[in-house]
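J.: I am attaching a structure below and will ask some questions about it afterwards.
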Amino acid sequence: MPKSPIYKVIFQNNNQVYELYARAIYQSEMYGFIEVEEFVFTDPDQLVVNPGEEKLKNEFAGVVRSYIPMFAIVRIDEVEKEGTGKIIEGQSGSNNSNVRHFPMSSGRPVSRGPDSE
């Protein structure tokens with residue numbers, strides 16, 4: 001029986017970069033969102049406790065499905081096995097971060113003259 005795939009999802013939220021693992025990822029019916037389900041965390045019987053992953057577990061405790069905006073997604077990888085999830089603090093006001101938002105227009109069309117076609 002083939003194992004269900006595991007995905008590593010990296011996204012931005014509140015000037016932090018989240019890296020978590022999940023078994024199910026879908027394009028949401030809500031336009032512009034990705035659905036992430038079946039979060040995977042390391043074995044609870046593990047002796048070494050990772051504070052970064054504990055923070056993730058607490059934040060996603062009781063969450064069945066999370067909707068992440070597409071513009072916040074940095075990367076999604078299908079991986080062989082789960083790793084340790086983490087939250088990386090962003091560098092507020094610093095230009096040293098490797099993660100940038102994609103430039104987007106304001107949404108208003110540019111008005112051109114009547115004879116421009």
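Values quoted throughout were computed directly from the atomic coordinates according to the rules given, and no laboratory measurement underlies them. On a predicted model such as this, the values are computed, not experimentally measured, just so you know. Cβ coordinates were reconstructed from backbone atoms using ideal geometry, including for glycine residues, and neighbour counts include every protein chain displayed.
J.: Taking the Cα-to-Cβ direction at LYS3 and at LYS55 and moving 7 Å from each Cα, how far apart do the two end points lie in nm?
T.: Taking the simple label geometry, LYS3 and LYS55 are separated by 2.8 nm.
J.: What value does region 6-89 have for Rg/Rh, both radii from Cα atoms and Rh as Kirkwood defines it? Show your work: numbers first, answer last.
T.: On the way: Rg = 12.5 Å, Rh = 13.2 Å.
Checking Rg against Rh, the ratio lands at 0.95.
J.: Quick check: pseudo-label points 7 Å beyond the Cα along Cα→Cβ at ARG75 and GLN27, how many nm apart are they?
T.: The modelled label-to-label distance comes out at 2.3 nm.
J.: Find the relative contact order for region 6-89 and round it to a whole percent, using C-alpha pairs within less than 8 Å whose residues are 6+ positions apart.
T.: Working: 155 pairs, mean separation 37.5, N = 84.
Averaging sequence separation for qualifying contacts and normalising by length gives 45 percent for region 6-89.
J.: Report, by chain and number, residues whose modeled amide H sits under 5 Å from the one on THR42, excluding near sequence neighbours (fewer than 5 apart, same chain).
T.: Amide H neighbours of THR42: GLY85.
J.: Let me ask something additional. Using the per-residue mean of other Cβ atoms lying within 10 Å as a proxy for protection, in what order, highest first, do the peptides 62-68, 12-18 fall?
T.: Details: 62-68: 12.0, 12-18: 14.9.
Most protected by this proxy first, the peptides run 12-18, 62-68.
J.: Further question: How big is the dipole moment of region 6-89 about its Cα centre under a simple scheme where the beta carbon of each Lys and Arg is +1, that of each Asp and Glu is -1, and everything else is neutral? Debye, nearest 20, please.
T.: 180
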